[in-house]
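Let me begin by presenting the structure, written as structure tokens, before commenting on it.
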Amino acid sequence: MAVITRPLPVAPRPKPGELISSWLGRTAARYDMDDAAFRALLLGEDGRGRERLDLHLTTDEVARIADAFRLPPERVATLGLTQAWPRVAVDWLPGVGRKMRARGNLDLSWCRKCLEEGHSSGGTYLDREAALPLCLCHRHQHWRVDCCQHCSPDNPPRFVWDKGAVELACGDCRRLLRTPGRPIWADC
Ligand SMILES: [Zn+2]
Ligand SMILES: [Zn+2]
């Protein structure tokens with residue numbers, strides 16, 4: 001059984017405006033762990049099935065994450081979507097469990113240029129806008145996508161460690177989502 005020590009020896013800091021699931025997913029990738037398994041070790045078994053982690057964290061979850069990442073609890077508590085955007089209508093956010101979509105804690109959509117930008121500046125991640133039902137990245141004037149371009153995945157996208165960097169990859173065919181077409185096992 002996998003064990004993680006507290007505090008974590010490698011504990012990436014959350015990027016400005018990053019989704020909690022992205023931050024924890026990136027960290028799991030650094031340990032070459034499955035996202036759900038890492039969350040369960042970090043948050044207890046309840047963490048495995050948490051569907052709406054990005055909306056808010058419970059007091060206990062804040063304490064566990066703050067302890068593991070050596071961050072002030074108040075810093076961790078501000079990362080939830082409902083903390084950052086108190087007036088966000090969470091019932092309008094896309095739900096989970098839709099067939100033919102890349103399901104995540106929330107249904108996610110991302111701009112490939114944003115992923116590229118994150119990659120070239122220290123690591124791919126998903127910001128809060130990835131959890132909103134947006135079609136366009138206004139910064140890049142680029143259509144957002146919510147699914148792998150090569151398959152119809154049943155699993156959510158996942159962060160992986162590839163060539164010394166964290167990447168976001170399709171949960172089914174494992175192709176990179178920032179540069180569709182390159183499978184992450186190509187040079188293994
Ligand atoms: Zn963008
Ligand atoms: Zn795919």
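The values are calculated or read from the model by the stated rules, or taken from the named source; none is laboratory data. Nothing here was measured: the structure is a model prediction, and the numbers come from that model. We place every Cβ from the backbone using ideal geometry, glycine too, and count neighbours over all the protein chains shown.
Side notes on the structure shown:
- Counting only helices (runs of 4 or more DSSP H) that sit completely within the stretch 18-83, those holding 1 or more residues that are within 15 Å of the chain's Cα centre (by Cα) and modelled with pLDDT under 90 correspond to 35-43.
- The stretch 155-188: number of residues that are free of Cβ contacts under 8 Å to residues at least 24 places away in the same chain and within 11 Å of ligand 2 (Cβ to nearest atom): 4
- Checking each residue in the stretch 121-141 for being surrounded by fewer than 18 Cβ atoms within 10 Å (Cβ to Cβ), over 16 Å from the mean Cα position of the chain (by Cα) and not in a loop (DSSP other than H, G, I, E, B) picks out only LEU136.
- Among the residues of the stretch 159-184, those that are more than 14 Å from VAL145 (Cβ to Cβ) and part of a strand (DSSP E or B) comprise PHE159, VAL160, TRP161, ASP162, ALA165, VAL166, GLU167, PRO183.
- Test: residue in the stretch 145-154 that is surrounded by 15 or more Cβ atoms within 10 Å (Cβ to Cβ), within 10 Å of ligand 1 (Cβ to nearest atom) and not in a loop (DSSP other than H, G, I, E, B): no
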